[in-house]
Amino acid sequence: MAENENSFMLCEECQVNEACYTISVMMGGQVTQRHLCADCMAKMNMSIATGNVKHLLSAILTAITGAEAPAADEPREDVICERCQTTLSQFTKSGRLGCPACYKAFQEQLTPMLQQIHGRVQHAGRKPLNTEAAQRQRFRHEELMRQMEQAVAVEDFETAAMLRDQLRALAEKEGED
Amino acid sequence: MRHGIVLSSRVRLARNYEDIPFDAAQRPEYAAMCVNRTTTALKSAKLGEGFDLLRLREMSEVSRTAMAESRLISRDLLRTPDTAAVLIRVDDALTIMMNEDDHLRIQAIRPELDLTGAAQACFQVDDALSRQAVFAFDEQLGYLTACPTNTGTGMRASLLMHLPMLTRGKQMGDVGQLVAKVGLNIRGVYGEGSEALGNIYQISNQVTLGRTEQELISAVTAVGVQLCDMETALRDKAMKDGRVALEDVVFRAWGTLLHARLMPLNEFYQHWSNIRLGAALGLLKLPLTLADALLDQVQDAHLRVYADEPLEGVQLDECRATRIRELIRLGGE
Ligand SMILES: [Zn+2]
Ligand SMILES: [Zn+2]
């Protein structure tokens, strides 16, 4: 917190109030200081808490990449997520990623952003219980169900009965886990 | 004493299915997948009992807004009523919101200071679902969420606190700095911008990545306890040095709420804060649970549901005044 009695510094965000907070922002690979007033600091805190970070995130990202906000008509090489087709510029504008694969696609830009937001980039905490084995079992279940429905549809009841038995066996195995 | 200051504890977990785009709320086909998968997984995990599935589009606008007023669902969920749904277990205020910013927001609310209890309720659902379905998860980044501010644990732990004396003593600025220093966030719950009507604040963890759920819960709890101690010290001092002045404020508010015939919501918050302080200090014979229930029951949508009419303006203020008297009378018996 900046507490320099002699100099009165205006908040860089609203240009109205006296800046009483100093935050560090990565700017073109260098850490620079930004000065904010209590209101703007609170707004920033609130937008983080409510997940409404459109403005904040684009501000941080622009700062990180050291790039001026690109003009709309200026063609730039954009990073794209192969899986959901979300582009990096769409993400910086909306603050929202398109799918889990976006994290890999935009890794270069996201890592410093996550570092800036959270201070750390290594997860600690809970993990999902679903193992790969359980996943395989689930896919197997879905596949058997699909085959059985097909068999019933063509009135191949012999195959359907066989598939039903396999499903039962699978369900019993699941129960043992 | 703490129990007079913390209204409730809430934990929320953000989860997404690995194979569905984050913006399922905007895409009906994916939104339906989220709802079906979650409902089925909950049943297979034998946890479905006690849960009701509510689709927002099948509810009236006032009744879903009333749910948000009671904090059972988030305001954000109301933005996509066509696709949003919620699995709700009313008994212990456990909800699984579907098709909000993330596919799932698992949320538990506990009265008073009990983040651990709320978290355990969420974890039970989380474990049950994650046995059946595949959540977007990365060994390095943890749970992957639509917004990078939730990445990691995907957890938000928050306390709803009534801090009238800290507010009156103009100490909320210091409190804000203290809270920010440890990576937490504080904001007013009611009102616009930096307002905190009713002197009700929410403190929550700002950071979600790189700390365990336990660490985050401990941090929020520790700050919550510290704020309780600060608030309590001021309350004790006021009881010792200015009891009559304090009683005057409390009983004036009490009298107004008992006798007013028109009660605008903004004015209500001010009186509510004073009577709740009086109740917590034992000056008023008013159960805290009733005081806290009042806070939800006199919100606009609650009144519209109660009156079963699309009340507006002064009609709302009249209905609110009537409802306040009625609830106090009922609670006093
Ligand atoms: Zn400012
Ligand atoms: Zn993507």
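The values are calculated or read from the model by the stated rules, or taken from the named source; none is laboratory data. Everything numeric in this text was worked out from a predicted model, so none of it was measured. Heads up, the Cβs are rebuilt from the backbone with ideal geometry, glycines too, and the neighbour counts pull from every protein chain shown.
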For this session: Could you check residue B:107 against (1) outside any helix (DSSP H, G or I); (2) surrounded by fewer than 21 Cβ atoms within 10 Å (Cβ to Cβ); (3) of a type outside the set (A, V, I, L, M, F, W, C); (4) more than 11 Å from every other protein chain (Cβ to nearest Cβ) and say which number it fails?
Result: (2)
For this session: Check the stretch B:181-194 and report whether any residue there is assigned to a helix (DSSP H, G or I), surrounded by 14 or more Cβ atoms within 10 Å (Cβ to Cβ) and not small (Gly, Ala, Ser).
Result: no
Problem set entry | All helices (runs of 4 or more DSSP H) inside the stretch A:13-130 with 1 or more residues being under 27 Å from residue B:18 (Cα atoms), modelled with pLDDT of 65 or more and away from ligand 1 (no atom under 16 Å from the Cβ) | A:88-94, A:102-105, A:107-118
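Each row is one residue, and each column tells you yes or no for (1) within 14 Å of ligand 2 (Cβ to nearest atom); (2) closer than 15 Å to residue B:152 by Cα; (3) not basic (Lys, Arg).
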site: A:94; (1), (2), (3): yes, no, yes
site: A:100; (1), (2), (3): yes, yes, yes
site: A:103; (1), (2), (3): yes, yes, yes
site: A:114; (1), (2), (3): no, yes, yes
site: A:121; (1), (2), (3): no, yes, yes
site: A:129; (1), (2), (3): no, no, yes
For this session: Within the stretch B:123-164, track down each residue that is in contact with a helix residue (DSSP H, G or I) (Cβ under 8 Å, 6 or more places away or on another chain), aliphatic (A, V, I, L, M), within 26 Å of residue B:51 (Cβ to Cβ) and outside any strand (DSSP E or B).
Result: B:125, B:128, B:129, B:133, B:134, B:144, B:146
Seminar exercise, completed: Of (1) modelled with pLDDT under 95; (2) over 12 Å from residue B:163 (Cα atoms); (3) within 11 Å of chain A (Cβ to nearest Cβ), residue B:204 fails just (1)
Exercise. Under the condition of being within 11 Å of chain A (Cβ to nearest Cβ) and part of a loop (DSSP other than H, G, I, E, B), which residue from the stretch B:1-26 is nearest to residue A:97 (Cα to Cα)?
Worked result: B:21
Exercise. Can we say residue B:226 is at pLDDT below 95, touching a helix residue (DSSP H, G or I) at 6+ places or on another chain (Cβ under 9 Å), within 18 Å of residue B:112 (Cα to Cα) and of a type in the set (S, T, N, Q)?
Worked result: yes
Problem set entry | Selected residue [at pLDDT below 95, assigned to a helix (DSSP H, G or I) and not assigned by TED's automatic domain parsing to the domain that holds residue B:9] from B:289, B:322 | B:289
Problem set entry | Residue check, residue B:142 within 8 Å of another protein chain (Cβ to nearest Cβ) and modelled with pLDDT of 95 or more | yes
Exercise. How do the pairs read when you match residues in the stretch B:256-275 that are outside the structural domain of residue B:198 (by TED's automatic domain parsing) with residues anywhere that are of a type in the set (Ser, Thr, Tyr), using Cβ under 7 Å and keeping only pairs 6 or more apart or on different chains?
Worked result: B:269/B:190; B:271/B:256
Seminar exercise, completed: By residue number, the members of the stretch B:84-107 that are farther than 19 Å from residue B:152 by Cα and in contact (Cβ under 8 Å) with a residue 60 or more places away in the chain are B:98, B:99
Exercise. Checking residue B:42 against (1) out of contact with any Lys or Arg (no Cβ under 7 Å at 6 or more places or on another chain); (2) free of Cβ contacts under 8 Å to residues at least 40 places away in the same chain, which test does it fail?
Worked result: (2)
For this session: Answer yes or no as to whether residue B:131 is over 22 Å from residue B:222 (Cα atoms), at the interface with another protein chain (Cβ under 8 Å from one of its Cβ atoms) and of a type in the set (Lys, Arg).
Result: yes
